[in-house]
1. Any idea which of (1) within 17 Å of residue 88 (Cα to Cα); (2) in contact with a strand residue (DSSP E or B) (Cβ under 6 Å, 6 or more places away or on another chain); (3) buried (at least 17 other Cβ atoms within 10 Å of the Cβ) is the one residue 38 doesn't satisfy?
2. Pairs only if they're at least six apart or on different chains, beta carbon under 6 angstrom, first in region 70-93 and more than 13 Å from residue 10 (Cβ to Cβ), second assigned to a loop (DSSP other than H, G, I, E, B); list them, first residue then second.
3. Considering only region 1-16, how many residues are surrounded by 14 or more Cβ atoms within 10 Å (Cβ to Cβ) and assigned to a helix (DSSP H, G or I)?
4. What tally of residues in region 17-57 results from selecting those that are farther than 19 Å from residue 87 by Cβ and in a loop (DSSP other than H, G, I, E, B)?
5. Please list, ordered by first then second residue, the pairs with beta carbon atoms under 8 Å, 6 or more apart or interchain, first in region 14-31 and farther than 15 Å from residue 65 by Cβ, second surrounded by 13 or more Cβ atoms within 10 Å (Cβ to Cβ) and at pLDDT below 90.
């Protein structure tokens with residue numbers, strides 16, 4: 001698993017517009033990259049946004065960087081202060097909550113509350 005992390009410095013007060021552009025313009029593009037797994041965006045401050053993209057290969061992560069560069073230049077560069085910082089690397093540690101079959105979480109909660117009676 002590989003990740004691409006982008007740090008954007010945006011013009012203060014433009015965060016909502018910036019995030020809308022990402023959601024409706026960029027997410028459809030990046031999700032079409034072969035090997036795409038997930039995309040997350042964090043608003044760190046009024047003038048700073050981070051994005052994390054997860055892919056199953058380094059080639060896919062690098063392809064996302066290429067597509068990001070083109071899309072950013074054409075669509076959101078006017079909302080930014082300079083170029084984004086970009087890092088691509090292999091995910092070395094990962095922990096996710098175990099998924100349970102649909103309804104299993106509710107069933108387990110019911111069992112726990114019954115055992116407390």
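1. (3)
2. Every condition considered, the pairs that remain are 91/1.
3. 1
4. Of the residues in region 17-57, 5 are farther than 19 Å from residue 87 by Cβ and in a loop (DSSP other than H, G, I, E, B).
5. 25/71
The values are calculated or read from the model by the stated rules, or taken from the named source; none is laboratory data. Here the structure is a predicted model, which is why all the values come from computation and not from measurement. A quick note on method: Cβ atoms are made from the backbone with ideal geometry, for glycine too, and the neighbour counts reach across all protein chains shown.
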